[in-house]
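Student: Please see the structure below; I have some questions.
Derivation of every value follows stated rules applied to the coordinates shown; laboratory data play no part. Every value quoted in this text rests on a predicted model; they were computed, and no experiment measured them. Heads up, the Cβs are rebuilt from the backbone with ideal geometry, glycines too, and the neighbour counts pull from every protein chain shown.
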Amino acid sequence: MAALKLARLPDRTPVKIGIVVLPELNDRLSAYAAAYAAAYGLEEPVAALIPAMLGAFLDSDREFAKTEKGPRYGG
């Protein structure tokens, strides 16, 4: 079989990570979720926003990008 132009897709199996946050951060995350709902007219739970927030943070960290090896977060 000839090689396809599209490479094999990376592993997309979700990994569940549990975290504990301080009350102040929880309040800020809840406020962010409220701002998100106001901006987009769609309520999303904080737990659904956190992966995208972490991905955006990592994507915007230039120093980290210099050291990063391998595939990037896709979300």
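Student: Using only alpha carbon pairs under 8 Å that are at least six residues apart, calculate the relative contact order of the chain and give it in whole percent.
Tutor: On the way: 21 pairs, mean separation 12.4, N = 75.
17 percent.
Student: Given the rule -39500 (n - 2.57) for each run of at least 4 DSSP H residues, summed and divided by the residues of the chain, what is its mean residue ellipticity at 222 nm, to the nearest 500 deg cm²/dmol?
Tutor: Values: 3 runs with 39 residues, N = 75.
Calculated at 222 nm, the ellipticity per residue is -16500 deg cm²/dmol.
Student: Students often forget the sequence filter, so: which lysines lie under 20 Å Cα-Cα from residue 5 once same-chain residues fewer than 8 apart are removed?
Tutor: Once the sequence-local lysines are set aside, nothing remains near residue 5.
Student: So for the range 23-67, considering every pair of alpha-carbon atoms, how many percent are separated by more than 17 Å? Present the calculation step by step, with values, prior to reporting the outcome.
Tutor: Numbers: 416 of 990 pairs.
The answer is 42 percent, as a whole percent.
Student: Still on this structure: What FRET efficiency comes out for the pair residue 43/residue 16, r = Cβ-Cβ distance, R0 = 25 Å, nearest 0.05?
Tutor: Numbers: r = 22 Å, r/R0 = 0.89.
According to the calculation, E is roughly 0.65.
Student: Candidates (i) -0.57, -0.94; (ii) -0.52, -1.18; (iii) -0.24, -0.96; which is the computed log10 I(q)/I(0) by the Debye sum over Cα atoms at q = 0.12, 0.23 Å⁻¹?
Tutor: Entry (ii).
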